[in-house]
Structures are given as C-alpha cells and as structure tokens.
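Have a look at the structure below before the remarks.
The values are calculated or read from the model by the stated rules, or taken from the named source; none is laboratory data. Because the structure is predicted, anything quoted here is derived from the model rather than measured. Note that we place each Cβ from the backbone using ideal geometry, even for glycine, and neighbour counts take in every protein chain shown. Note: areas computed on protein heavy atoms with side chains; ligands, DNA, RNA excluded. Shrake-Rupley method; radii C 1.70, N 1.55, O 1.52, S 1.80 Å.
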Amino acid sequence: MESIKEIFKIGNGPSSSHTMGPKKAAAMFREKYNDGVRYAVTLYGSLASTGVGHMTDVAIYDVLGRDRCTLVWSPDIFLPQHPNGMRFEAFNNDGVRVGEWTTFSIGGGDISDDGLRKPKKKIYPHNKMKDILEWCQNNGRTFWEYVEMYEESDTMDYLEEVWKVMKQAVDNGLDNEGVIPGGLNLARKAASFYIKAKGFQGSMQRRAMIFSFALAVAEENACGGQIVTAPTCGSCGVLPAILYNNQRFYEFRDIRIIRALATAGLIGNLIKTNASISGAEVGCQGEIGSACAMAAAAGVQLFGGTQAQIEYGASMGIEHFLGLTCDPVNGLVQVPCIERNAFAATRAVDANVYALMSDGKHLVSFDTVVEVMKRTGHDIPSLYKETAIGGLASLMNRK
C-alpha cells in the first residue's frame with residue numbers, strides 16, 4: 001500500500017475524479033508539451049457525462065487556457081480501461097500535432113495510463129486488514145502506531161495540516177450562505193441546521209450538529225472551496241463532521257484527532273488497494289461507504305475501542321452502503337451527494353456505538369466486505385456509476 005497522504009489530498013472541489021484528476025493531468029501534459037500553441041482534450045464516458053456539473057471544463061481551462069483549448073465531450077464512448085478517459089493533444093502554429101496522451105482519472109485525484117491503480121511507492125508490508133490486525137496483536141500496537149511506524153517521516157505533520165484544512169472547511173461552510181452554483185438553485189443549509197441544532201439538548205443536539213458540520217464541508221466542496229479528500233471530494237464531509245463534533249463536545253486534543261486521522265487513512269488505503277474509492281468505477285458505495293468506514297473507525301478509536309472493535313466499526317460502515325449507486329442530478333455533486341454526507345456521518349456514529357458495545361467479534365470481516373464492494377461495483381450497470389443517466393438522475397435531471 002502507498003502512503004495515506006494519497007488518501008488525504010488537499011485541494012478544491014467538487015470532484016477528486018472529475019476536477020482534481022483532470023486538472024493534474026492537464027498540468028502534466030502542458031509541462032511535457034509546453035511548445036504547444038493549441039490544445040484539444042477529448043473526455044470519454046463518465047467523465048464526459050458529468051463533466052460540466054463537476055466543473056471538469058473549468059479545471060482543464062484553468063491549466064490550458066480557455067482560448068487555447070478545445071474540449072470534445074464523448075459521453076457515449078467508454079474506453080475499456082476505465083470509465084473516466086481523457087485524450088490530450090497538442091498542436092504547433094502550423095496545426096501539426098506535436099503530442100498526444102490518453103490517460104484516466106481513477107478517483108481520489110489520481111491518474112493512470114492503463115486505468116489501473118498502482119501504488120506510487122509501496123511502504124506498508126501488508127495490504128489486508130487480517131494481516132494488520134495480527135501484526136497489531138502480536139506487537140501490542142494500535143492501528144495508528146502501525147501507520148506511524150511504516151509511513152514517511154513527515155506524515156503526521158501532514159495530517160496536522162489536513163486537520164487544519166478540515167476544520168477551516170467546516171467553519172467556512174457554517175459561515176457561508178446562499179445558492180450553490182450549477183443550475184439546481186439549491187440553497188446552502190449548513191448555517192440554518194447549525195442554528196437549529198443549538199436549540200436542542202444532549203444527544204439530539206450532538207446528532208443535529210453532525211448534520212450541520214457534514215453539510216458545511218459538502219457544500220463548500222460543491223462550490224469549489226478548499227477541502228480534503230476523505231477519501232474523495234464527493235464524500236469529503238463525513239470524516240471532518242465526526243472529528244469536529246467529537247472535539248467540540250468531548251474535548252479531544254488535536255494529537256488524538258491526528259492519530260484518529262491516521263487510522264481513518266489506513267482504512268481508506270485498504271479499500272483503495274483492494275477495491276475502489278471511485279464512484280465512476282464502483283458507484284457511491286466506494287465514496288460514501290468508504291468515508292463512513294473511515295469515520296466509524298476514527299470514532300471507535302477516539303472512544304477507546306480495541307483494534308478488533310475498530311475493524312468491526314469500519315466493516316459496518318461499508319456493509320450498510322453496499323450497492324449504493326452514483327446518480328448525481330444534472331451531474332452535479334449536490335443532489336443526493338450533499339445529503340448523503342450528512343447521513344453517512346450519523347451512520348458512522350451508529351457503527352461506532354454498536355462496535356463499542358460489542359466485543360469486536362463478528363462473522364463478516366472487513367476484508368470480506370471490501371471484496372464484496374468490489375464485486376458489487378463491477379456488477380452495477382454503468383448508468384448507475386456517475387454517468388448521471390440512471391437512478392435519481394434519470395428522473396430528476398433538469399434541462
């Protein structure tokens with residue numbers, strides 16, 4: 001497995017696969033063919049189907065220039081390697097093509113020329129939860145200590161910066177109001193949810209606050225604000241909501257939050273390695289399900305759970321989102337994406353509490369659930385995987 005820094009990427013929304021990935025690819029192509037005076041980019045499959053709603057065009061134009069770049073949308077052409085295909089071409093003053101590159105945005109802001117996810121640098125000796133659990137038990141260590149032992153030396157410092165950006169995203173989302181751009185005329189709700197939550201007491205207030213915190217980050221993402229992929233842009237509100245809420249109500253110090261982030265990153269890394277976090281590849285279960293698993297694991301750790309209980313919480317986080325389709329209305333990361341962040345956050349709390357009440361023993365292991373997610377994702381028809389032509393999108397799209 002690669003570094004968990006690849007799970008937590010700091011950048012602008014609304015989509016790690018449709019915004020961050022294409023922008024990164026465009027920058028790489030421009031650097032290689034900086035003698036080009038004009039560019040053409042063809043977007044295929046899911047990337048073309050929902051690219052406008054995900055601001056893919058804006059991301060590419062920001063790098064290559066709107067006046068120098070021609071975009072071609074080919075939503076009906078799915079390249080065999082991956083649903084999110086891109087073909088870049090560079091031309092000189094005479095109109096002669098001087099460079100060409102086909103690559104794929106495979107989720108989490110990553111790109112791959114063959115559509116497959118390969119670790120940039122393998123730094124962990126294990127890639128299955130079963131083996132990591134055994135290592136922790138044999139060595140008397142926790143998941144976060146396992147991460148700290150094998151990660152790059154600056155990773156915990158990086159997680160400190162990740163936590164700062166996450167908190168700022170919550171604060172920004174609670175401060176900002178108005179309509180989210182994109183054409184659905186969807187109003188931001190985080191601020192009003194926060195005010196209403198303050199009128200409640202006890203567990204009801206804490207639960208309502210989680211809604212507001214998750215909405216805050218998801219709405220910032222939908223508006224192109226700065227967020228952290230956790231593990232993607234579309235699911236970026238789940239983990240910050242849980243951590244922000246727990247620090248606010250239970251006064252966990254930053255160091256414990258950062259250690260919880262390390263464990264959450266390990267969970268996301270396992271899913272990314274053995275299945276997928278890409279909505280275009282496996283549906284929303286790979287985004288929201290993974291985020292819920294990460295948040296549940298972080299929560300169980302914060303409240304003193306054993307490694308077995310953390311594993312149980314993470315497995316439940318995915319299990320109850322198996323088969324969830326990716327069906328954004330008008331291709332925007334808004335409906336149902338924003339609400340799903342809020343509900344996944346509270347589902348993570350439920351998994352947290354349930355796991356802590358158990359002894360950690362359960363029948364279906366985390367590794368099994370991840371494998372089932374992978375198989376389920378491959379069996380889901382493409383119209384339910386971020387193409388915005390199936391599910392809610394098929395009935396709700398507005399022209």
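Among F252, F143, F303, what's the order by accessible area (1.4 angstrom probe), most exposed first?
F303, F252, F143
Among T19, T50, T306, which one shows the biggest mean-square fluctuation in a GNM of the chain, springs joining Cα atoms closer than 10 Å?
T306
Within the set K9/K121; K361/K385; K272/K385; K32/K121; K164/K374; K24/K272, which residue pairs have Cα atoms separated by over 27 Å? Kindly include the intermediate steps, with their values, before the conclusion.
Working: K9/K121 16 Å; K361/K385 33 Å; K272/K385 17 Å; K32/K121 23 Å; K164/K374 32 Å; K24/K272 19 Å.
From K9/K121; K361/K385; K272/K385; K32/K121; K164/K374; K24/K272, over 27 Å: K361/K385; K164/K374.
Round to a whole number: what % of the accessible area of the chain belongs to carbon and sulfur, probe 1.4 Å?
Heavy-atom surface of the chain belonging to carbon and sulfur, 1.4 Å probe: 50 percent.
Just to be sure I understand: with springs between alpha-carbon atoms less than 10 Å apart, which residue in G199, G45, G225 has the highest mean-square fluctuation in the Gaussian network model of the chain?
Of the options given, G199 has the highest mean-square fluctuation.
Which of these values of Cα extents along the principal axes in Å was calculated from the structure shown: (i) 57, 54, 45; (ii) 69, 48, 38; (iii) 60, 56, 36?
Step by step, Cα extents along the principal axes in Å for this structure corresponds to label (ii).
Relative to the Cα centre, what is the charge dipole magnitude of the range 341-399, using +1 at the beta carbon of each Lys and Arg, -1 at the beta carbon of each Asp and Glu, and rounding to the nearest 20 debye?
I would put it at about 340 debye.
Excluding S112 itself, calculate the net charge of residues whose Cβ lies under 14 Å from the Cβ of S112, where each Lys or Arg counts +1 and each Asp or Glu counts -1.
-1
If you roll a 1.4 Å probe over the heavy atoms of the protein chains, what accessible area per residue do you get for the range 101-244, in Å²?
43 Å²
Net charge within 14 Å of L43 by Cβ-Cβ distance, Lys/Arg positive one each and Asp/Glu negative one each, not counting L43 itself? Present the calculation step by step, with values, prior to reporting the outcome.
Numbers: positive: K23, R87; negative: D57, D76, E89, E386.
Charge balance in the 14 Å sphere: -2.
Suppose the chain between E145 and K128 were pulled fully straight at 0.36 nm per residue; how much longer would it get relative to their current alpha carbon spacing?
Between E145 and K128, full extension yields an extra 4.5 nm.
How large is the dipole of the range 149-205 about the Cα centre if only Lys and Arg carry +1 and Asp and Glu carry -1, each at its Cβ, rounded to the nearest 20 debye?
Rounded to the nearest 20 debye, it is 700 debye.
As a test of the formula, what do you get for the chain when each DSSP H run with n ≥ 4 contributes -39,500 (n - 2.57) and the sum is divided by the residue count, at 222 nm and rounded to the nearest 500 deg cm²/dmol?
Rounded to the nearest 500, it is -16000 deg cm²/dmol.
If you average the C-alpha positions of the range 4-33 and of the range 116-140 separately, how far apart do those two centres end up, in angstrom?
26 Å
Name the most mobile residue of D367, D57, D175, meaning the one with the largest mean-square fluctuation, in a Gaussian network model of the chain with Cα contacts below 10 Å.
D175
Could you point to the residue in M294, M1, I338 farthest towards the positive end of the chain's charge dipole, with +1 and -1 charges on the Cβ of Lys/Arg and Asp/Glu respectively?
The one lying farthest along the dipole's positive direction is I338.
With r defined as the distance between the Cβ atoms of D76 and K32 and R0 fixed at 41 Å, what FRET efficiency is calculated, to the nearest 0.05? Before the final figure, lay out the partial values.
Working: r = 29 Å, r/R0 = 0.71.
Efficiency, from the Cβ-Cβ distance: 0.90.
Name the residue farthest towards the positive end of the dipole of the range 349-399 from the options S365, A393, I380, assuming +1 on Cβ of Lys and Arg, -1 on Cβ of Asp and Glu, about the Cα centre.
Going by the Cα projections, it comes out as A393.
Just by accessible area at a 1.4 angstrom probe, what is the order of F211, F88 from largest to smallest?
Largest accessible area first, the list is F211, F88.
Report, ordered by chain and residue number, the aspartates and glutamates lying within cross-link reach of K189, taken as a straight Cα distance under 13 Å and ignoring same-chain residues fewer than 8 apart.
Correct list for K189: D175, E177, E219, E220, E339.
At 1.4 Å probe size, put I123, I288 in order of accessible surface, largest to smallest. Please report the intermediate quantities before stating the final value.
Working: I123 30, I288 0 Å².
Heavy-atom accessible area, descending, gives I123, I288.
Residues with beta-carbon under 10 Å from that of F200, excluding F200: net charge, scoring Lys, Arg +1 and Asp, Glu -1?
+4
For the chain, give the magnitude of the charge dipole about the Cα centre (Cβ charges: +1 Lys/Arg, -1 Asp/Glu; no others), in debye to the nearest 20.
580 debye
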